1. Using only the alpha-carbon atoms of region 443-585 as identical scatterers, what base-10 log of I(q)/I(0) does the Debye formula give at q = 0.15, 0.16, 0.19 Å⁻¹?
2. Please give the helix 252-274 orientation as an angle from the longest Cα principal axis of the chain, in degrees from 0 to 90, rounded to the nearest 10.
3. What lysines does Lys432 reach when the alpha-carbon gap must be under 20 Å and sequence neighbours fewer than 8 apart in one chain are set aside?
4. Take the alpha carbon atoms of region 13-91, find their radius of gyration, then divide it by 2.2 N^0.38 Å using N residues; give the quotient.
5. Between Asp571 and Val395, what is the spin-label point distance in nm, taking each point 7 Å from the Cα along the Cα→C-beta axis?
6. Report ³J(HN,Hα) in whole Hz for each residue of region 220-235, in order, from the Karplus equation J = 6.51 cos²θ - 1.76 cosθ + 1.60 where θ = phi - 60°; Gly and Pro get x.
7. Please compute the length gained on full extension between Asp288 and Asp524, using 0.36 nm multiplied by the number of residues separating them and subtracting their Cα-Cα distance.
8. Based on the Cβ-Cβ distance of Gln511 and Ala10, what FRET efficiency does E = 1/(1 + (r/R0)^6) give at R0 = 45 Å, to the nearest 0.05?
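Read the figures in this text as sums done on the coordinates, not as results from a lab. Worth saying up front: this structure is predicted, and the values here are computed from it rather than measured. Every residue, glycine among them, receives a Cβ derived from its backbone with ideal geometry; neighbour counts consider all protein chains shown.
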Amino acid sequence: MINFLKNQKALLLLVIGLFVIHLVSKDITSPYERPIAGDAQAYYSYLPAIFIYQDLDYTFIERDAKQHYAPGHIKDFIMDVDGEKVNKTFPGVAVLYSPFFFAGHLSAMILGKPADGFSTIYQLWFDIGIWVYFFFGLVFMRKVLEKLNFSSKTALFTTFLIALSTNIFFYTVYDQSVTHIHNFFMINGLLLCLLNFKTDEKTKWLVIAFGLLVLIGITRPTNVLVAGLIFFFFPSIDFYKSIFKRIFSKEIWKFALIGLPLVALPFLLWKAQTGNWIVYSYGEEGFDFAHPHFFEFIFSYTKGWMTYTPFVIPVLIFGLYLLFKENKKQFAIAVVFYLLAIYIFSSWWCWYYGAGMSQRVMIDHYILLAFLLATIIKFLLSKPVLLKVSAGLAVLFVFFNIAQAYQIKNGIIQFGSATQEQYWNNFLVFEKKARVYPKEHWQLLEEETLSQNPPTKGENYEYYSKFDWETDVSSENTYSAVAQTYLRESSVSTESKLVVKFEVKAQSVIQETRAVVVLQKREDYLQEVSFPIYFKEFVKEEEWVNMEFLVEPNENFTDTIKLFFWNGDTDEKSTYREFFITHYKSDQYM
C-alpha cells in the first residue's frame, strides 16, 4: 500500500489539496451544509433503514434524521406504490456507501455519539468516502490511459486537467449529494479490469469487472450507457468471445457468487417494501423521448454542459478530429455514443437535473473525454510552440472552471441556472449582488410601488409625496414605517414569484436588521404571515445600495402586501427608500 501511494503521490497531493479547500469552504456540522443531502439522502437511507431501524417505511426520516437538517433540507424520495412506501432510488451506490456508514456507526457507538445514521460523525465518514472514491477514480483513469499506450506523464497531466477543468471539481469540493463521483470510480475501475484481463487473461480481473458492471447497473438505469464505453475501448469481437468463454466455464461459480447477490438486491428491496418483485419507483417522473432538450442540455444558461464546462469544447473538436485520422471506427463509436447519451439524458423530465454546476450526468463518462484529451496532448508533444500555447489555455480553463464553481456555490449564479442577463452581468464577478433575474418562463403580472401606510410599527419616516418617502431604523426606533400596496391583477398564490425591491444605506454595521414582507391569508385576512429577508452581506455604510429579493409563497394569500424593516431591537441604524414589488407567475421551479 505504501508503494502504491508513493507511485500515486501526485494524485494523492491533488486530492488532499482539494480536500483542504473543501474543509475550508464547507462546514459539515451546519444543518445547511450536510454532505448527506439531496439525492444522497435517498440512496444512503437504505443503510439506516436496514441496519439501524429495520424500517423500510422510512418513518425514521421525520422522527430522527430531520433533527440534523435545516428546514427544507430533507429530500422527498419516498413514493407511494399501491399504498406501500418505497424508496424511489436504486440501491447500487448504497453498497459503496456501506463501509463508511459502518465506520460511522461504530465510531458513534464507541464515542457515545447519537447512533442514528445522520449525526455529524456519520456525515464525516460519508464525506471521507466521497474523497476515497474520487482518489481511486483518478488513479484508475490514469492507469487506463497508461494501458492505452499513453506515457505516464501524459496520463497524469490528463487526469489533473479532468479534475480541475471540469465540473468534477464542483461535485467534490462543494457538493457531495450526487452519485456521479461513484459512477466515475466504478466505470474507470471496470475499464481498467477489462484492460488487465486483455493483457494477462486472469479470471480475477473479469470477476471484479463483472461485479462492478452489475453494481453500475443497479445504481442508475441510465448507466446502461456504459456498454457504449466498453465497445469504444474494446471494439474487437474476439475480445468478447474470450470473455464469454471464460464466464461459461468451470469458473462460472465465481461470477455467480459476486453477481447474483447484487442483481437480486433491488428486487429483494422492492419485494420487502411493496410486496411486488418489480416496481417502477419514480412515479410520474420519466423520459419524454419525443421532446428532448438536446441543445438546452449542451448550450443553455440553465445548466448547459458546454456553457459551464467550456473545456470540453476544444477537447471534443480536436480530440475527435485526431481520432478520425487515427481510427475511424472508434471515431464513429465516440460520436454515436455522445449523441445517444445526450439524447437520453436530455429526454429526462428534469433535463437540467436540479441545482448544481453544468450537466453532472456527463461526469460518469469522463474517461472518454480523458482519452480524447490524452490524444491531443500526445500530438502536441511534437509541437513545442502549440504545446506552450495550449498549456496557457489549459491554465485559463482551470481558472475559469474554479471561478464558475465558486460563483455557483456562493449563489452569485443561483442554482447554476442563470438567465443570459445574470450570466453576463456576473461574468467573473465574485461578489454576490442582491439581484433577482426573472426566468424566461416567468409571466409578468404587474409591478407596484409601495406607498407609505399609516404606521403600525415605527413612526420614523420622512414623507415627501405618496411615492417619494424614506424611513429608517435605529436604537430609538427599532421598527420602520410600513410600506403597503394592493395588487390589481390577481392575489398571491403558490405560483407567485414576488420580487421585492428597495434601496438601503447603512449608518452602522448591519447584522440583525432584516426586511419583513407580510402577506394576509386568503381564508382569514386577519391572519398574517411574515417572510423575513436578511441582507447584511450586501449593505455598505453611507452608500445607497439597490436590493432585490425573491419571495416564493407556499400558500395562497390576498392581494395585500406590506413591507417594513426591523433591526432586532439592536443599535443598528439604516435608512430605506424606493419600495417596489414585481409580481410574476410560474408553475415551474426553474
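1. -0.71, -0.80, -1.11
2. On a 0 to 90 degree scale, this one is about 30.
3. Lys26, Lys303, Lys409, Lys501, Lys505, Lys536, Lys540
4. Normalised Cα radius of gyration, region 13-91: 1.30.
5. Those two pseudo-labels are separated by 5.0 nm.
6. 8, x, 6, 5, 4, 5, 4, 4, x, 5, 4, 5, 5, 7, 9, x
7. Once the chain is fully extended between Asp288 and Asp524, it gains 80.8 nm.
8. Result of the calculation: an efficiency of 0.50.
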